[in-house]
1. Residue separation times 0.36 nm, minus the C-alpha to C-alpha distance between Ser367 and Leu71: what's the value?
2. Going toward the positive end of the dipole of the chain, with +1 on Lys and Arg Cβ and -1 on Asp and Glu Cβ, which of Ala157, Leu286, His338 do you reach last?
3. Rounded, prolate or oblate: which fits region 7-394 when a ≥ b ≥ c are the square roots of the eigenvalues of the alpha-carbon gyration tensor, with rounded for a/c under 1.5 and prolate only if a/b beats b/c?
4. Sorted by mean Cβ packing within 10 Å, highest first, what order do the peptides 128-139, 180-191, 334-345, 317-328 take?
5. Report the extension gain between Gln229 and Cys137 in nm, rounded to one decimal, defined as 0.36 nm multiplied by the number of residues separating them, less their alpha carbon distance.
6. Just the number, please: percent antiparallel of the DSSP beta bridges in region 7-394, rounded to the nearest 5.
7. Considering the chain as a Gaussian network with a 10 Å cut-off on Cα pairs, which listed residue, Arg282, Arg144, Arg260, attains the greatest mean-square fluctuation?
8. Mind giving me the FRET efficiency for Ala157 and Ser236? R0 is 41 Å, r the Cβ-Cβ distance, nearest 0.05 is fine.
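Read-outs: derived from the displayed coordinates by stated rules, not from any lab. What you see is a predicted model, and the numbers here were worked out from it, not measured in a lab. Because the Cβ atoms are built from the backbone with ideal geometry, glycine has one as well, and the counts that use them run over all protein chains shown.
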Amino acid sequence: MSVIEGRIEIDLYPARSKGQRVQLSSSRPVHAARVLIGKTPQQALDIIPLLFSICGTAQSRAAHRAICQALGSAADATAAEERARDMLVQVETGKEHMLRLFLDWPKLFYLDNNNDELPWLSRLVAHFRDALFENGCAFSLDSRLQVQHDSLQQLIAELNDYLERHVFGMAPGRWLNETSDIHSLHQWATHSDSITARSIAVICDKGWASQGVTDCDLLPELSTAELQQLFKGDTSEQLIAAPRWQGKCHETSPLARQFRQPLIQALHHEFDNTLITRWLARLVELAIIPQQLQHGAAQLAASEAVTDDTPPRQADGLAQVEAARGRLIHRVQIDADHISHYQVLAPTEWNFHPEGLVTQALDSIASGDSNGLGTLGHILINAIDPCVGYELRIH
């Protein structure tokens, strides 16, 4: 099964003194999940990663949790199984961040590109699945946890080493400790030859660090009850295509997740939510992932209780998952053992709202120096990161 992924079209009119300087439209198939209607829950779980090829693990995680909730089987899942599934989403988040780093950043900054390690990266999530679940099957209704602790530890060590060699030039944990403000960050960037460091050096040297400011608030935590009310309302179709919360556009992104981290706080204090703050949020998240996986592995090894806040069975199952690009929400209704309704709200719809984050960021640079405007625009879009292709046209 394949679904046309759609495309985001962005037109920038820097010479305009009146009217909209940024016009954004999307042909993303935001209602693609309707193909699941009439399917059994297991059929839906089999189709989801094919239907949503980008962030397929996060999509499967949200679908599995929502479907199990609607079936009343969510309470049967052990805390260890839920922890293991969350670990898989963390691994996929790291993979998605690194794909942008290795595939997009060399083009954006005119750097040499070495893709020799990409085959290893493409198999990363599958290796973790095999180390955590029987036959690597993590998102079936009859999945069974089967942790191979030695293999899991080896995979985490390999990921940590990969990040040290190809991203940070030092252990990720050390990088987090040694880059606590813009001065230490710039010092690291000027003494490292990695794609990561060189991208930051270019952003700072060209004076782009403070570009791309927006008025978008970070999307707050939303309760299941609040979301159910939105999804059931008369404006639910509009919510999925162009979401707002309390009448306002919001941002959901790595910056929202890492906002309280010391480096991000320091950058936000000096630069607000501009390019440099957003660019580093992705790297901070990437550096933290091995620590998160190690913590999860330790809990699995010790069979420690992990808090499981799965709500009891409801007529409508709803799950929220933090995917690489932001918060992903699935809602499902099941009647007579078949899917009767399925809705997906992806982070791209929040961040690429026609009046939202990307539009505001690009509008803020439209009145500036026209030299390098296209390059800066592409870098800002990459920092926010749509899950589909896009075209930026400057008029």
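1. Numbers: separation 296, 0.36 × 296 = 106.56 nm, distance 5.33 nm.
Computed gain between Ser367 and Leu71 is 101.2 nm.
2. His338
3. Details: a/c = 1.98, a/b = 1.22, b/c = 1.62.
It comes out oblate by the Cα gyration axes.
4. Working: 128-139: 19.8, 180-191: 15.4, 334-345: 17.2, 317-328: 23.7.
Result, highest mean first: 317-328, 128-139, 334-345, 180-191.
5. Working: separation 92, 0.36 × 92 = 33.12 nm, distance 3.32 nm.
Working it through step by step, the gained length comes to 29.8 nm.
6. Working: 22 of 30 bridges.
Of all bridge pairs located within region 7-394, approximately 75 percent are antiparallel.
7. Highest fluctuation of the listed residues: Arg260.
8. Values: r = 45 Å, r/R0 = 1.11.
E between Ala157 and Ser236, to the nearest 0.05, is 0.35.
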